[in-house]
Amino acid sequence: SAEDGYRLWLRYNTIDNPALLQQYRQQITSISCPSDDARLIAAHQELQTGLSGLLGKKISLQTTVTNGTILLGLRSHLPFIRKLVGDTALARLGEEGFIIRTVKHEGKNVTLITANKEAGILYGAFHFLRLLQTQQSIQQLSITSVPKIKLRLLNHWDNLNRTVERGYAGGSIWDWQRLPGYIDQRYIDYARANASIGINGAAITNVNANAILLTEEWLQKVAALANAFRPYNIKIYLTARFSAPVEIGKLKTADPLNEEVRKWWKDKTDEIYKHIPDFGGFLVKANSEGQPGPQNYQRTHADGANMLADAVAPHGGIVMWRAFVYSNETPEDRFKQAYNDFKPLDGQFRKNVLVQVKNGPIDFQPREPFHPLFGAMPQTPLMMEYQLTQEYLGFATHLVYLAPLFKEVLDADTHAKNNSTVAQIVDGTTDGHTLTGMAGVSNIGSDINWTGHPFGQANWYTLGRLAWDNTLTSAQIANEWIRQTFTNKQAFVDTVQQLMLASREIQVNYMTPLGLHHIMGYSHHYGPAPWYNKAPRADWNPVYFHKADSIGIGFDRTAAGSNALAQYQPAVQQQFENMATCPETFLLWFHHVPWDYRVHSGKTLWETMCDKYYSGVDSVRWMQHRWEGMKNYIDAERFSQIKQLLAIQEQEAVWWRNACLLYFQTFSRKPIPAKYEKPD
Ligand code: GCW
C-alpha cells in the first residue's frame, strides 16, 4: 500500500526471523526514561513505537528497572552512569554523541543509552532501533558514536508558493497557508526521519526565495515549524535575500558596509530570535545567477557574509555563504570563477561563517572532479553542498544511488597538506576547524513516498549517514538502507545492493561518459541536448562544455587551454594534465581529445565512447532483469513502481545513447562499430 513508501526506513515491521525475534523479546522488556525533556520524550516514544512494532508486542515505559529494560538517561538523571563511563568519556561525546552499553544495573541486565547531552540519547535510540531493523545482535553492546561533522543539513529549494526549484517529488511539504495554526503530521514524520540519520538542521526555503519570508507574518509560520522540529534536535535556517533591506525594509541600499543596512539586519535578526530562540542562522546565495549581493556595491563576499555573521553572532548563529558563483560578464572558464572570487578572501571571514561549496566546480553533474576550493582556503571552514534532488541525473525517474558519487569526492586527495582528503578538509581534521558542515539539496516533496522515486529515499538517507560518519562505505549505507526499507532477506539485500552500487556508473555511461559534462537539455536539464547553443549565456550551452569539432571533443583545461588545472595542487595537476595518464573518467573534463586518439585500452576515443554509451544501455537492462527477480520479496506496489520507472529509464538511456552518438558522429565522421545493432 501507499504506506510502504511513506514510512521510509522507519517501518518497524515485526522481525520475520522467529529465532531472532524470540531472542530480542527476551532481551527487551520495557523502556525507562527518568526525564521529561522534549528530546528524551521523542526518544522514548520512538522506542515504544519501534520496539512494539519490531517485537510484535507492546513495549511500554516503566519507572522500575527489570531484566531487559532499555534505560535512557544522562548522568544527572542516573548517577551510576558517571561511575560507569566517567566524566572525560562523557565529555568526549560532545553535544550529540552517544553510548549504548549492555550493563548490570541494580542486579538487572539492561541496555543503557546515555550521552553527554539529551540530543545524543535521541540519536542513540534511533541507532538502537537500527540494530534491530537490520537484525544485528544486541547482546553485549558497547557502542560509542560521535558525529564527525557538526552541521548536518538539508537545503530545501522550496519556494513560498509551494513550488520546489529542481524538485521532482511534488510540491513543497511546507503548507504555508495553514501555518502557523496547523501542524501537519508530515512535519513530525519528516523530523523523525531526519533525526534517525542524524540530520540536525534544515534550511527550509529556496536560496532564490523572496525576501518576504523575513517578515513578521512568515516568521510566525517558521516558528511553528521550529517548534515541531525541536524535540528531534533539528534547527531551522533561513535563506536571506541580500536585497531584503531594500525590498522589505524600504532602505535605499543593501550595501553591507552601510550603517543603516547593518542595523536593519541586526534588528531583523533579533526579531527572528524572538520567534525562534534556537534559530540556526542564514544560508545565502549572493551574486550568483542574477541574485543580488555585496558585489553590487563593490564589496566582497566576505563583507556581505560578515555583516550577517555579526548580526547572528550574539545569538550563537552562523552564516553559510555559498560559493556557487559565476558571473555574466567574464568570459573566464566557468570552472574557475568560484575559486577566483573566494580564494583571495581566505582569512577574511568571521569565525561563525562557513563557505558552502558544491562538490564539483560546475554544477552537480553525474561526475565532476572535486571543487578546487577544497584545500585552498585553510583558514575558512568549507561546508560541502551535495545535491540529492537529481537535477542533472534523470530527476525522480532514474534509479541512481548517489553514495558512490559522494564518496568519490570525499576520498579525493587535495594534496594541500598531509591528511587533506576532501573528507578531512570538510570534517575539520586538516585545518583544525570545529565549525564543520555538510548539506544536501533536498529531494523531498509532497509525493506519498516523499522522494518520487522509491530509491530517492536512499540518497536522503545517505546524506545523513555520511555527514555523521564519512568513513562509512557506499556498500554499508546501501546495505542498512535496504534492510530497513524493504527486507532483510539475503537474496534481496545482495541483489539490490549490487544494483545500487552499480547504478551511478551505469548512468555516467549512458549520459556523460569519459568526462563529458553539462550536455543536458537547456534550462530544464532533462534528457540529452549536446547540440544546444541558443542559451542567453555561453556557459549554459552544452556546446560550451563538450567543444566537439572535427578534430575531437572535450574541454582543454590544461595550461594550453583555460588552465583551470592550475587551481589544484601540483600533485593533483599531475594526475590530470597529461592526456596519456589522465584517468579515463575525467578525460574530457580536462582535454580536447582527438577522435582517433588511443585511450588506455588501445581503442580509439570514438570507439570507447560508443562502448560506454552501449554498455550504459545494456546495464540498465541488466538492472531491469535483476529487479524482475525481486518480485516475491516485497510489496507489489513498490515492486511495480520501480519496475515501471526502470522501463522509462531504459527508454531514456537509449534516447541518451542515440542522441549523443548520432550528434557527436556528425563531428567524428566515424561509423558506430559494427558489433552494435543499429541505433533503435
Ligand atoms: O544547479 C543550479 C540550478 C539552479 C539553482 C542553482 C544554485 C537554486 O540549475 O536552479 O538555483 O544551481 O545552486 O543556486
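Contact map, segment 198-226: residues that are in the same structural domain as Leu466 (by TED's automatic domain parsing) paired with residues that are at pLDDT below 95 and not aliphatic (A, V, I, L, M), Cβ distance under 7 Å, separation 6+ or inter-chain. Pairs shown: Asn208/Gln291.
The residue pairs whose first member lies in segment 272-285 and is in the same structural domain as Ala323 (by TED's automatic domain parsing), whose second member is basic (Lys, Arg) and open to solvent by less than 10 Å² (accessible area, probe 1.4 Å), and whose beta carbons are closer than 7 Å, counting only pairs six or more residues apart or on different chains, are Val284/Arg322; Lys285/Arg322.
Residues of segment 311-324 include at least one that is touching a residue at least 24 places away in the same chain (Cβ under 8 Å), basic (Lys, Arg) and buried (at least 23 other Cβ atoms within 10 Å of the Cβ).
Looking at segment 549-562, which of its residues are loosely packed, with under 14 Cβ neighbours inside 10 Å and in contact (Cβ under 8 Å) with a residue 12 or more places away in the chain?
We begin by selecting, within segment 549-562, every residue loosely packed, with under 14 Cβ neighbours inside 10 Å; these are 549-550, 559-560.
Hits for segment 549-562 are Asp549, Ser550, Ala559.
The set of residues in segment 157-172 being touching a helix residue (DSSP H, G or I) at 6+ places or on another chain (Cβ under 8 Å) and closer than 18 Å to Gly5 by Cα consists of Ala169 alone.
The set of residues in segment 516-535 being away from the ligand (no atom under 13 Å from the Cβ), assigned to a loop (DSSP other than H, G, I, E, B) and touching a helix residue (DSSP H, G or I) at 6+ places or on another chain (Cβ under 8 Å) consists of Leu516, Ile519, Gly527, Ala529, Pro530, Trp531, Tyr532, Asn533.
Applying a threshold of 6 Å to beta carbon distances and a minimum spacing of six or more residues, or different chains, the list of pairs starting in segment 644-657 at a residue that is touching a residue at least 40 places away in the same chain (Cβ under 8 Å) and ending at one that is open to solvent by 40 Å² or more (accessible area, probe 1.4 Å) reads Leu646/Gln624. In segment 523-539, the residues that are among the polar types (S, T, N, Q) reach residues that are assigned to a loop (DSSP other than H, G, I, E, B) with C-beta atoms within less than 8 angstrom, at least six apart or across chains, in these pairs: Ser523/Ala535; Asn533/Asn541.
Looking at Pro366, is it closer than 30 Å to Arg638 by Cα, assigned to a loop (DSSP other than H, G, I, E, B), open to solvent by less than 10 Å² (accessible area, probe 1.4 Å) and touching a helix residue (DSSP H, G or I) at 6+ places or on another chain (Cβ under 9 Å)?
yes
Quick one: in segment 491-539, which of the residues that are among the polar types (S, T, N, Q) and open to solvent by less than 10 Å² (accessible area, probe 1.4 Å) is farthest from Ser327 (Cα to Cα)? Full working, then the answer.
Within segment 491-539, the first condition is being among the polar types (S, T, N, Q), and the residues that meet it are 495, 497-498, 503, 507, 509, 512, 523, 533.
From what is left, the residues that are open to solvent by less than 10 Å² (accessible area, probe 1.4 Å) are 503, 507, 512.
Numbers: Ser503: 34, Gln507: 30, Thr512: 25 Å.
Looking at the filtered set, the residue picked out is Ser503.
Do any residues in segment 570-588 that are assigned by TED's automatic domain parsing to the domain that holds Pro513 and open to solvent by 50 Å² or more (accessible area, probe 1.4 Å) have Cβ atoms under 6 Å from those of residues that are assigned to a helix (DSSP H, G or I) and modelled with pLDDT of 95 or more, where the two are at least six apart or on different chains, and which pairs are they? Partner pairs satisfying both residue conditions: Glu577/Leu565.
With the requirement that a residue be more than 16 Å from the ligand (Cβ to nearest atom), of a type in the set (Val, Ile, Thr) and either open to solvent by 10 Å² or more (accessible area, probe 1.4 Å) or in contact with a Cys (Cβ under 8 Å, 6 or more places away or on another chain) (or both), what does segment 191-211 give you? None; the set is empty. For segment 380-420, filtering for residues that are among the aliphatic types (A, V, I, L, M) and more than 12 Å from the chain's Cα centre (by Cα) leaves 9.
Annotation: of all residues in segment 32-45 being open to solvent by 20 Å² or more (accessible area, probe 1.4 Å) and more than 17 Å from Tyr123 (Cβ to Cβ), the one that is nearest to the chain's Cα centre (by Cα) is Asp36. Please work out if Tyr187 is of a type in the set (Phe, Trp, Tyr), in the same structural domain as Trp264 (by TED's automatic domain parsing) and assigned to a strand (DSSP E or B). In short, no. Applying the selection to segment 345-399, what residues are away from the ligand (no atom under 14 Å from the Cβ), hydrophobic (A, V, I, L, M, F, W, C) and closer than 16 Å to Leu516 by Cα? Hit for segment 345-399 is Phe370, nothing else. Residues that are buried (at least 23 other Cβ atoms within 10 Å of the Cβ) and part of a helix (DSSP H, G or I) within segment 230-242 comprise just one, Tyr232. Filtering segment 31-58 to residues that are among the β-branched types (Val, Ile, Thr) and closer than 20 Å to Thr134 by Cα leaves only Thr49.
Given Ala396, Ala423, Ala416, Ala412, which one is aliphatic (A, V, I, L, M) and either in the same structural domain as Ala647 (by TED's automatic domain parsing) or closer than 20 Å to Ile506 by Cα (or both)?
Numbers: Ala423 fails: either in the same structural domain as Ala647 (by TED's automatic domain parsing) or closer than 20 Å to Ile506 by Cα (or both); Ala416 fails: either in the same structural domain as Ala647 (by TED's automatic domain parsing) or closer than 20 Å to Ile506 by Cα (or both); Ala412 fails: either in the same structural domain as Ala647 (by TED's automatic domain parsing) or closer than 20 Å to Ile506 by Cα (or both).
Of the residues listed, the single one that is aliphatic (A, V, I, L, M) and either in the same structural domain as Ala647 (by TED's automatic domain parsing) or closer than 20 Å to Ile506 by Cα (or both) is Ala396.
For segment 417-426, the criterion of being touching a Phe, Trp or Tyr at 6+ places or on another chain (Cβ under 7 Å), within 28 Å of Ile173 (Cα to Cα), of a type in the set (A, V, I, L, M) and touching a residue at least 40 places away in the same chain (Cβ under 8 Å) is satisfied by no residue at all.
Select, from Arg299, Arg241, the only residue that is within 16 Å of the ligand (Cβ to nearest atom), out of contact with any Gly (no Cβ under 8 Å at 6 or more places or on another chain) and among the charged types (D, E, K, R). Reasoning before the result, please.
Working: Arg299 fails: within 16 Å of the ligand (Cβ to nearest atom).
After ruling out the rest, the residue left standing is Arg241.
Within segment 147-179, the set of residues being assigned to a loop (DSSP other than H, G, I, E, B), of a type outside the set (D, E, K, R), away from the ligand (no atom under 16 Å from the Cβ) and open to solvent by less than 60 Å² (accessible area, probe 1.4 Å) comprises Pro147, Ile149, Gly170, Gly171, Ile173, Trp174, Trp176, Leu179.
Matching residues to (1) more than 20 Å from Leu8 (Cβ to Cβ); (2) touching a Phe, Trp or Tyr at 6+ places or on another chain (Cβ under 8 Å); (3) not in a loop (DSSP other than H, G, I, E, B):
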residue	(1), (2), (3)
Ala467	no, no, yes
Asn470	yes, no, no
Arg483	no, no, yes
Thr487	no, yes, no
Met500	no, yes, yes
Tyr510	yes, yes, yes
Leu514	yes, no, yes
Ala548	yes, yes, no
Phe555	yes, yes, no
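The listed residues are Gly290, Gly304, Gly347, Gly280, and the only one of them that is open to solvent by 60 Å² or more (accessible area, probe 1.4 Å) and of a type in the set (Gly, Ala, Ser) turns out to be Gly290.
The values are calculated or read from the model by the stated rules, or taken from the named source; none is laboratory data. Just so we're clear, the structure is a prediction, and the values are computed from it rather than from any experiment. For neighbour counting, all protein chains shown are included, and Cβ atoms are generated from backbone atoms with ideal geometry for every residue, glycine included. Surface areas here come from the heavy atoms of the whole protein model, side chains and all, with no ligands, DNA or RNA. Shrake-Rupley method; radii C 1.70, N 1.55, O 1.52, S 1.80 Å.
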